[in-house]
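Reading through the structure tokens given below for one structure.
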Amino acid sequence: MTQVPVLLVETVNGVRTLTLNRPDRLNAANDDLLYALTVALRAANAEDAVRVVVVTGSGRGFCAGQDLGGVSGRNMGFTEHLQATYNPLIRTIRTLDRPVIMAVNGVAAGAGASLALSGDIRLWAQSARLIEVFSNIALVPDSGSTWFLPRLVGYNRAFELMALADTVTAAEGQRLGLCEQVYPDETFAADVQAYAERLAARPANALKLTKQALSAALTSSLDDALDQEAALQQLAGDHWEHAEGVTAFKEKRAPDFRKQG
Ligand code: LHQ
């Protein structure tokens, strides 16, 4: 019998798309899927040809969080499970050199909502929904939700969404700043690819350093952020991309950041 892969991997024009592929479970995550996604992200980071990573779901869901079908048979405690699976995944996304786009095609619930929030860019289909569903099964939000959500919507709105497990629609998600763009369902995949290709044409080294600077600044003082910017600016300024950008400006042409320096 042929096994259906839990993760689909495709690369088009420098955009690596990783598709969670358990559509009959709304891409609820089991250990195989979490491991495959983490490994695929790390592999993408090691390939020069990959400039942007997109994570999306197959079928009508993005990710319904932990697969509840398998939890009763777990031979690990919750802490150990999170430390072995979800936490390395979220850390990998946040520290990846490449920009990571979360293309939320449908419902994102529980740890799936955390995953949806964890990207550098969040693009939602019109029918996407986000639910901090944890309290429905009397659990605490995990996989980064307690860190991401209050930074986006403030403590009180985050607590309300977590306590009541209300559904955030795409329109509400955009209003709250949970996503950068909302696209029609019918054209979602093409719109995501076009967006990702725009990002892929940007200077990869500068974006990697920008991601590092922003991540550090989220938890640092202004004083430390200024020092961090000064240090990273040296790395950006010494890179061939900077020379290409300045030359292109002087020559009144578009820069080519895809060429090798
Ligand atoms: C599912 C799931 C699912 C299995 C839909 N599992 N089958 C927790 C524990 C341990 C350690 C690590 O951390 C975590 C973190 C977490 O993620 S806790 C939160 C776990 N997730 C949930 O509680 C979400 C449960 N699902 C739902 O509330 C609903 O399915 C949502 C709101 C996501 C979607 O609702 P609908 O659009 O009405 O779809 P549906 O409920 O009809 O689901 C479609 C199918 O997918 C259905 O199967 P069936 O055989 O009846 O067609 C569901 O059973 C299955 N499914 N989520 N997490």
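Of all residues being open to solvent by less than 70 Å² (accessible area, probe 1.4 Å) and closer than 15 Å to GLN193 by Cα in region 12-44, which is nearest to the ligand (Cβ to nearest atom)? Just the residue, please.
For region 12-44, the residue satisfying everything is THR19.
If the requirement is being in a loop (DSSP other than H, G, I, E, B), of a type in the set (Asp, Glu) and surrounded by fewer than 17 Cβ atoms within 10 Å (Cβ to Cβ), which of these qualifies: GLU80, GLU47?
Selected residue: GLU47, the only one of GLU80, GLU47 that is in a loop (DSSP other than H, G, I, E, B), of a type in the set (Asp, Glu) and surrounded by fewer than 17 Cβ atoms within 10 Å (Cβ to Cβ).
Which residues, taken from region 158-180, are among the small types (Gly, Ala, Ser), part of a helix (DSSP H, G or I) and open to solvent by 10 Å² or more (accessible area, probe 1.4 Å)?
ALA163, ALA171
Checking THR187 against (1) open to solvent by less than 50 Å² (accessible area, probe 1.4 Å); (2) in the same structural domain as THR56 (by TED's automatic domain parsing); (3) hydroxyl-bearing (Ser, Thr, Tyr), which test does it fail?
Just one mismatch for THR187, condition (1).
Take the conditions free of Cβ contacts under 8 Å to residues at least 24 places away in the same chain and either touching a strand residue (DSSP E or B) at 6+ places or on another chain (Cβ under 8 Å) or on the phi < 0 side of the Ramachandran plot (or both) and apply them to VAL9. Does it pass?
Against the criterion (free of Cβ contacts under 8 Å to residues at least 24 places away in the same chain and either touching a strand residue (DSSP E or B) at 6+ places or on another chain (Cβ under 8 Å) or on the phi < 0 side of the Ramachandran plot (or both)), VAL9 does not qualify.
Look through region 114-153, keep the residues that are part of a loop (DSSP other than H, G, I, E, B) and open to solvent by 60 Å² or more (accessible area, probe 1.4 Å), and return whichever of them is nearest to THR169 (Cα to Cα).
GLN126
Being open to solvent by less than 90 Å² (accessible area, probe 1.4 Å), outside any helix (DSSP H, G or I) and more than 19 Å from ARG98 (Cα to Cα), is that true of even one residue in region 224-240?
For region 224-240, residues open to solvent by less than 90 Å² (accessible area, probe 1.4 Å), outside any helix (DSSP H, G or I) and more than 19 Å from ARG98 (Cα to Cα): absent.
Looking only at region 92-141, how many residues end up being under 25 Å from VAL39 (Cβ atoms), more than 15 Å from the ligand (Cβ to nearest atom) and not small (Gly, Ala, Ser)?
The total comes to 15.
The values are calculated or read from the model by the stated rules, or taken from the named source; none is laboratory data. Just so it is clear, the model here is predicted, and its values are computed rather than measured. Counting neighbours? That spans all protein chains shown, and the Cβs are built from the backbone with ideal geometry, glycine included. Ligands, DNA and RNA are stripped out before the accessible areas are found, and what is left, the full protein with its side chains, is counted by its heavy atoms. Shrake-Rupley method; radii C 1.70, N 1.55, O 1.52, S 1.80 Å.
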